[in-house]
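Single-structure report; data block below.
Readers should treat all values here as calculations from the given coordinates under stated rules, not as data from a laboratory. Just so it is clear, the model here is predicted, and its values are computed rather than measured. All Cβ positions, even for glycine, are placed from backbone atoms using ideal geometry, and neighbour counts span all protein chains on display.
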Ligand code: FDA
């Protein structure tokens, strides 16, 4: 029996408890910082430079999600524009990732679209790319609507999207946007999802992951994998090479702080490797998803906290 979905679901369920959040926010930063560049933009930019020295590009993310007021959504938007402008002063590729609930998706999808448009305009000025993260399944339709409105109706070419291979709907979602040759990141999916909407079987999630990657590459879209599973990365790499797909059309994305050797090996072979690099104050939800991905991570934190 595959215990992974059960473990993840348990951890993500418990992570919502306010008392636990308070405890981890107070004592957990020393563990979280393995995955997070720092609290400030300046700290994030320092890590961007360090990664570039190792041949790895950054995909910078200002932490924050599920905002509940227009003021907060506007403030995050302003802060992300500042991030894009700061990246524009550095001689590296300017890629960022955003979550639409950080821009007000739960308040009004048009508000989130308007905020994202502002960020895309700033990114255009510095030749930047903005990938839209995919959040949990109640928000999939709204996320795709915002992305598609800007990509298809308004003609923004610098906006990418993410599809999750655990969602049963993802192949159909990809078919619906394939004519746009999307800039696509394929991930397995990090949220607690019921069996009605999401595969729970690892084999099926892997199979669908490969199907999404191959379909998008075959249709001509720029495609990124977002996985740390070495075997899956290798399957994509070998398939793309065998098909003769130019290396500029695909890349391997990872989360900052995980799998350093795998990344460096790929970068040394001349593949594009990009590290998803979060920074900011709102690190708890991101960190709890990382704990939910790997029992060893949770044990490490619990042991550390017990030792004081
Ligand atoms: P999997 O869980 O299959 O494990 C494979 C191996 O990877 C493990 O044995 C372990 O060694 C290592 N590993 C995995 N997770 C680890 C961790 N937390 N700490 C240490 N080692 C770990 N999800 C989503 O729903 N929406 C999104 O927009 C994104 N965006 C995104 C961007 C990028 C660049 C990445 C890499 C991932 C995402 N994700 C995401 C998260 C994704 O859906 C998924 O939850 C994680 O990548 C874990 O699945 P893997 O396939 O990486 O590893």
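Once you have all Cα-Cα distances for the chain, histogram them in 20 Å bins from zero and send the whole-percent values. Result returned by the calculation: 33, 63, 4. Considering Cα pairs under 8 angstrom that are at least six residues apart, work out the relative contact order of segment 184-259 and quote it in whole percent. Here the relative contact order equals 36 percent. Judged by the gyration tensor of its Cα atoms, with axes a ≥ b ≥ c, segment 85-157 is prolate; a/c meets the 1.5 cut and a/b is the larger of a/b and b/c. Annotation: extensible slack from residue 46 through residue 90 equals 14.8 nm (criterion: 0.36 nm per residue apart, minus Cα-Cα distance). Here r is the Cβ-Cβ distance between residue 241 and residue 168 and R0 is 30 Å; the resulting FRET efficiency, rounded to 0.05, is 0.50.
Between the beta carbons of residue 141 and residue 300, assuming R0 = 41 Å, the FRET efficiency works out to 0.65 to the nearest 0.05.
What FRET efficiency would be calculated for the residue pair residue 211, residue 81, taking the C-beta separation as r and a Förster radius of 35 Å, to the nearest 0.05? The formula returns an efficiency of 0.45 here. Based on DSSP H segments of at least four residues, each scored -39500 (n - 2.57), the chain has a per-residue ellipticity at 222 nm of -15500 deg cm²/dmol. Spatial offset of segment 181-218 relative to segment 136-163 amounts to 17 Å, using the alpha carbon center of each. Name the shape class, rounded, prolate or oblate, that the alpha-carbon gyration tensor gives for segment 132-225, where a ≥ b ≥ c are the square roots of its eigenvalues, rounded holds for a/c under 1.5, and otherwise prolate holds if a/b is larger than b/c and oblate otherwise. It comes out oblate by the Cα gyration axes. If one computes the Cα centroid of segment 261-281 and of segment 29-78, what distance in Å separates the two points? Here the two parts' Cα centres lie 15 Å apart. The value of relative contact order for segment 36-282, using C-alpha pairs under 8 Å at least six residues apart, is 24 percent.
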